[in-house]
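The values are calculated or read from the model by the stated rules, or taken from the named source; none is laboratory data. The structure presented is a predicted model; accordingly, all values stated were derived computationally and were not measured. Backbone-built Cβ (ideal geometry, glycine too); neighbour counts: all protein chains shown.
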């Protein structure tokens, strides 16, 4: 669902660091930007739709 393997999730819970790839970091920033642009009212479906319209 969120693109993280089960083992990475459990490493994160243990407190081990989790490093995002540059591509995922960029995608995360775009998602946060879209969310902020719409006054934090957009849900995952609307954000996904807008990202698809932007070609991401």
note = Of the listed residues (23, 32), the one being surrounded by 10 or more Cβ atoms within 10 Å (Cβ to Cβ) and assigned to a helix (DSSP H, G or I) is 32
note = How many residues of the stretch 6-20 are loosely packed, with under 10 Cβ neighbours inside 10 Å and modelled with pLDDT of 85 or more? The answer is 4
query = Counting just the residues of the stretch 1-20 that are in a loop (DSSP other than H, G, I, E, B) and either more than 15 Å from the chain's Cα centre (by Cα) or in contact (Cβ under 8 Å) with a residue 40 or more places away in the chain (or both), which one comes out nearest to residue 54 (Cα to Cα)?
reply = 17
ask   = Which of the residues spanning the stretch 35-56 are exposed (fewer than 13 other Cβ atoms within 10 Å of the Cβ) and in a helix (DSSP H, G or I)?
value = 36, 37, 44, 45, 49, 52, 53
task = Tell me which of these residue 3 doesn't satisfy, since it passes every other one: (1) modelled with pLDDT under 85; (2) touching a helix residue (DSSP H, G or I) at 6+ places or on another chain (Cβ under 9 Å); (3) surrounded by 12 or more Cβ atoms within 10 Å (Cβ to Cβ).
result = (3)
